[in-house]
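Student: The structure under discussion is supplied below as structure tokens; questions concerning it will follow.
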Amino acid sequence: MLDPAYVTAFVASLQHVFSTMMQLPVQIGDPKIKSNPAPSYDVSGIIGMSGDITGNVVISFPIATAERIVSLFTGADVKSDNPDFSDAIGELANMISGNAKGMFAGTRRVTISCPSVVIGGGHIITRPKDIPCIEIPATTDCGNLVLEIAIAHCNSDVSAATQSAVSTAQA
Amino acid sequence: MRILLIDDSKTMRNIQRNVLGQLGHTQIEEACDGVDALNKVGAYQPELILVDWNMPNMDGLSFVKEFRKTNKVTPLIMVTTESEKVRVIEAIKAGVQNYVVKPFTPDLLGQRITETLAKRAG
């Protein structure tokens, strides 16, 4: 089961990271269960979790929003076809997940993976079976984004890489 | 002063480079993981190292442990998302002098760098 404390931690972390690194406030919308495996937008930063808590977390943006956010984050005009763009998205996903992990891990052993970034519409992110995905919409002055959290407490030490995979499919 | 930045994210290295530039430090080398860093420290002889924890190939903690086998002097600052107390203690035991949790403001990073260098001088 998804512990509501995880959702709280990720929301707080998202706001903390955006506020600290970019002075960008984030307004949080109503969370809901995500049943469609296709991400909401065209740019996804993906972090896997393994250990006592397994699953993955995705931060997803429309390309234009992602470009504005990356430009704020890096202090440079960075477009989505620049390799620095995916690096910045990955680092944002890394900070949001790492920060959240610090809030809920406690005595649990939790490892986060290096981030993966997918750019382009039509990609599908597969998630661990039996772990519900909570979708948290958010808005900023740069545009909308969504945080998708599919993690749960687990006693077995299963690598996040074996539990989640990203596949691309033409829409 | 020769400074080495170790982080797999170029974005993070650029942010740290900018903060160091504001403090007047411009002699900066970069490495993208612990292996890359170990290959560079011999020739570059850094006088301060900022190191990330979670990196591919060799993580920051492993780099610190390996580096400290032959160098007990050069100050190390861990700059990482790992915020749990047990992690901080682990890093300090391995040999880091200071610890910055991401996300950070430029002012905070600057403060930690200044503190670390002041302790080294003292």
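Student: Note down the magnitude of the dipole of the protein assembly as shown about its Cα centre, charges +1 on Lys and Arg C-beta and -1 on Asp and Glu C-beta and zero elsewhere, to the nearest 20 debye.
Tutor: On the way: 25 positive and 30 negative charges, 168 e Å.
Using Cβ point charges on Lys, Arg, Asp and Glu, the protein assembly as shown gives about 800 debye.
Student: Over chain A, what relative contact order in percent results from Cα pairs under 8 Å that are six or more residues apart? Spell out each step's value before the answer.
Tutor: Numbers: 362 pairs, mean separation 62.9, N = 171.
With pairs under 8 Å counted, the relative contact order is 37 percent.
Student: Which Cα, out of A:Ala88, B:Thr81, B:Ile92, lies furthest along the positive dipole direction of the protein assembly as shown (beta carbon charges, K/R +1, D/E -1)?
Tutor: B:Ile92
Student: State, as an integer percentage, the relative contact order of chain B based on alpha-carbon contacts under 8 Å between residues 6 or more apart.
Tutor: Values: 192 pairs, mean separation 28.1, N = 122.
23 percent.
Student: At a temperature of 4 °C and a viscosity of 1.567 mPa s, determine how fast region B:3-121 diffuses translationally according to Stokes-Einstein, using the Kirkwood radius over alpha-carbon pairs as Rh; express D in µm²/s, rounded to the nearest whole number.
Tutor: Working: Rh = 14.0 Å.
Rounded to a whole number, D works out at 93 µm²/s.
Student: Mind jotting down the three principal axis lengths of the protein assembly as shown based on Cα atoms? Whole angstrom, largest first.
Tutor: Result, largest extent first: 58, 43, 30 Å.
Student: I'd like the FRET efficiency for A:Arg109 and B:Lys93, computed as 1/(1 + (r/R0)^6) with the beta carbon distance as r and R0 of 22 Å, rounded to 0.05.
Tutor: 0.75
Student: Counting other C-beta atoms within 10 Å, which of A:Arg108, B:Arg87 has the fewest, and how do the rest follow? Walk me through the numbers before you get to the answer.
Tutor: Working: A:Arg108 13, B:Arg87 19.
Placing the least packed residue first, the sequence is A:Arg108, B:Arg87.
Student: For chain A, take the longest principal axis of its alpha carbons; what is the angle in degrees between that and the long axis of helix A:63-74, to the nearest 10 within 0 to 90?
Tutor: It is inclined by approximately 90 degrees.
Student: What number, rounded to the nearest 500 deg cm²/dmol, is the helix-based mean residue ellipticity at 222 nm of chain B, given -39500 (n - 2.57) per DSSP H run of at least four residues and division by all its residues? Mind dumping the intermediate values first?
Tutor: Details: 5 runs with 59 residues, N = 122.
Taking each H run of at least 4 residues, the total per residue is -15000 deg cm²/dmol.
Student: Where does helix A:83-104 land angle-wise versus the long Cα axis of chain A, in degrees 0 to 90, nearest 10?
Tutor: So the helix axis and the longest Cα principal axis differ by about 40 degrees.
Student: Also, quick follow-up: Put +1 on the Cβ of every Lys and Arg and -1 on every Asp and Glu Cβ in the protein assembly as shown; which of B:Val101, A:Asn56, B:Gln45 then has its Cα farthest towards the positive end of the dipole?
Tutor: Positive-end residue among those listed: B:Gln45.
Student: Stokes-Einstein at 25 °C, 0.890 mPa s, Kirkwood radius from Cα pairs: D for chain A in µm² s⁻¹? Before the final figure, lay out the partial values.
Tutor: Values: Rh = 15.8 Å.
The Stokes-Einstein estimate is 155 µm²/s.
Student: While we're here: Between the helical axis of A:4-22 and the dominant principal axis of chain A, each derived from Cα atoms, what acute angle in degrees is found, rounded to the nearest 10?
Tutor: Value to nearest ten degrees: 30.
Student: Only Lys, Arg, Asp and Glu count, each charged at its Cβ (+1, +1, -1, -1), so figure out the dipole size of region A:4-154 about its Cα centre, rounded to 20 debye.
Tutor: Numbers: 9 positive and 13 negative charges, 108 e Å.
It comes to approximately 520 debye.
Each value in this text was obtained by applying a stated rule to the coordinates, not by laboratory testing. Note that the coordinates shown come from a computational prediction; the quantities given were computed from them, not determined experimentally. Neighbour counts run over all protein chains shown; Cβ positions are idealised from the backbone, glycine included.
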